[in-house]
1. Of all residues in region 95-119 being assigned to a loop (DSSP other than H, G, I, E, B) and of a type outside the set (A, V, I, L, M), which is modelled with the lowest pLDDT?
2. Condition first: modelled with pLDDT of 85 or more, in a loop (DSSP other than H, G, I, E, B) and open to solvent by less than 10 Å² (accessible area, probe 1.4 Å). Now tell me which residues in region 2-20 satisfy that.
3. Find the residue count for region 34-61, including only residues that are more than 19 Å from ALA96 (Cβ to Cβ) and either loosely packed, with under 14 Cβ neighbours inside 10 Å or touching a Pro at 6+ places or on another chain (Cβ under 6 Å) (or both).
4. Every residue in region 62-86 that is hydrophobic (A, V, I, L, M, F, W, C) and either surrounded by 13 or more Cβ atoms within 10 Å (Cβ to Cβ) or within 16 Å of the chain's Cα centre (by Cα) (or both), please.
5. Provide a single number: the residues in region 87-117 that are open to solvent by 40 Å² or more (accessible area, probe 1.4 Å) and among the hydrophobic types (A, V, I, L, M, F, W, C).
6. Please enumerate the residues belonging to region 125-184 that are crowded, with 16+ Cβ neighbours inside 10 Å and either of a type in the set (Ser, Thr, Tyr) or part of a strand (DSSP E or B) (or both).
7. Which ones in region 186-201 are closer than 15 Å to ARG170 by Cβ and either open to solvent by 60 Å² or more (accessible area, probe 1.4 Å) or modelled with pLDDT under 95 (or both)?
8. Looking at region 21-70 only, could you name the residues that are among the small types (Gly, Ala, Ser), without any contact (Cβ under 8 Å) to a residue 12 or more places away in the chain, assigned to a loop (DSSP other than H, G, I, E, B) and within 22 Å of GLN158 (Cα to Cα)?
Amino acid sequence: MMTSDYGLKHLDKSIPFKEIVMVHGPQPASEIPEPKLPEGFSFHAYVPGDMAAWAIIESSVDEFADQEAAVRSFTGEFLPYEDELCRRMVFVADAAGRLCATACAWTVDYEGVRHALVHWVGVMPDVQGLGLARAMTAWVLRRFAELHPGEVIYLRTQTWSHKAIGLYLRMGFRPVDESHAYLARYNEYAEAREILAGVMPSATLAMFVPA
């Protein structure tokens with residue numbers, strides 16, 4: 001499973017589920033907002049051994065049935081590339097040092113072409129709504145600008161995460177329509193927009209137009 005912002009609890013499952021692909025940039029690092037965390041929180045770059053914290057975070061937001069399942073996913077997807085993780089995966093630590101949120105500036109291959117992907121954004125329920133997701137997304141965008149300058153950045157989201165979509169739109173992401181080649185099988189733009197029209201503020205919906 002490839003994911004972007006699914007790691008936000010309190011999904012709005014009262015509306016139909018449709019997937020959305022969004023793109024950002026290219027944009028130089030100097031034009032990306034500085035990642036700012038609330039007082040008492042700090043960034044923590046991945047170091048070997050952080051897999052357990054990742055599993056706790058992602059299972060806490062119902063990405064996996066339990067931590068063991070999360071560990072299996074991490075082992076298969078990330079551990080073979082642990083050197084890359086050290087410069088691509090970020091955590092947020094709270095005042096007590098607990099790792100409570102994570103995101104990754106990852107890449108995926110699609111039909112032989114590598115693409116930059118905002119990946120596995122997760123924020124534990126007790127610290128959601130504090131701006132951690134925004135700060136981590138800015139961190140990821142800046143990291144991509146350093147590692148892959150001039151490239152478009154992708155993410156996957158869904159209608160159930162319409163509040164997160166508003167955040168991404170304000171940060172410069174735009175959806176792509178069904179004619180876009182990358183991850184087309186995950187993209188249901190027209191149906192998603194119709195659904196979002198019933199739950200999204202009109203000013204935000206006005207930004208939800210294809211890049």
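1. Here is the first cut: in region 95-119, the ones assigned to a loop (DSSP other than H, G, I, E, B) are 95-98, 111-112.
Then keep just the ones that are of a type outside the set (A, V, I, L, M); that gives 97-98, 111-112.
On the way: GLY97: 97, ARG98: 98, GLU111: 75, GLY112: 81.
Looking at the filtered set, the residue picked out is GLU111.
2. Once the filter is applied, which keeps residues that are modelled with pLDDT of 85 or more, in a loop (DSSP other than H, G, I, E, B) and open to solvent by less than 10 Å² (accessible area, probe 1.4 Å), region 2-20 yields nothing.
3. Number of matching residues: 3.
4. Pass one, region 62-86, residues hydrophobic (A, V, I, L, M, F, W, C): 64-65, 69-71, 74, 78-79, 85-86.
PHE64, ALA69, ALA70, VAL71, PHE74, PHE78, LEU85, CYS86 - these are the residues of region 62-86 that are hydrophobic (A, V, I, L, M, F, W, C) and either surrounded by 13 or more Cβ atoms within 10 Å (Cβ to Cβ) or within 16 Å of the chain's Cα centre (by Cα) (or both).
5. Selection size over region 87-117: 3.
6. Correct list: THR137, ILE153, TYR154, LEU155, ARG156, THR157, GLN158, THR159, SER161, TYR168, PRO175, TYR182.
7. The one that is closer than 15 Å to ARG170 by Cβ and either open to solvent by 60 Å² or more (accessible area, probe 1.4 Å) or modelled with pLDDT under 95 (or both): PRO201.
8. Step one: of region 21-70, the residues among the small types (Gly, Ala, Ser) are 25, 29-30, 40, 42, 45, 49, 52-53, 55, 59-60, 65, 69-70.
Still in the list and also without any contact (Cβ under 8 Å) to a residue 12 or more places away in the chain: 30, 49, 59, 65, 69.
Narrowing further to those that are assigned to a loop (DSSP other than H, G, I, E, B): 49, 65.
Answer for region 21-70, where residues must be among the small types (Gly, Ala, Ser), without any contact (Cβ under 8 Å) to a residue 12 or more places away in the chain, assigned to a loop (DSSP other than H, G, I, E, B) and within 22 Å of GLN158 (Cα to Cα): just ALA65.
The values are calculated or read from the model by the stated rules, or taken from the named source; none is laboratory data. From a predicted model like this one, the values you see are computed outputs, not experimental measurements. For neighbour counting, all protein chains shown are included, and Cβ atoms are generated from backbone atoms with ideal geometry for every residue, glycine included. All accessible areas refer to the heavy atoms of the entire protein, side chains included, with ligands and DNA or RNA removed. Shrake-Rupley method; radii C 1.70, N 1.55, O 1.52, S 1.80 Å.
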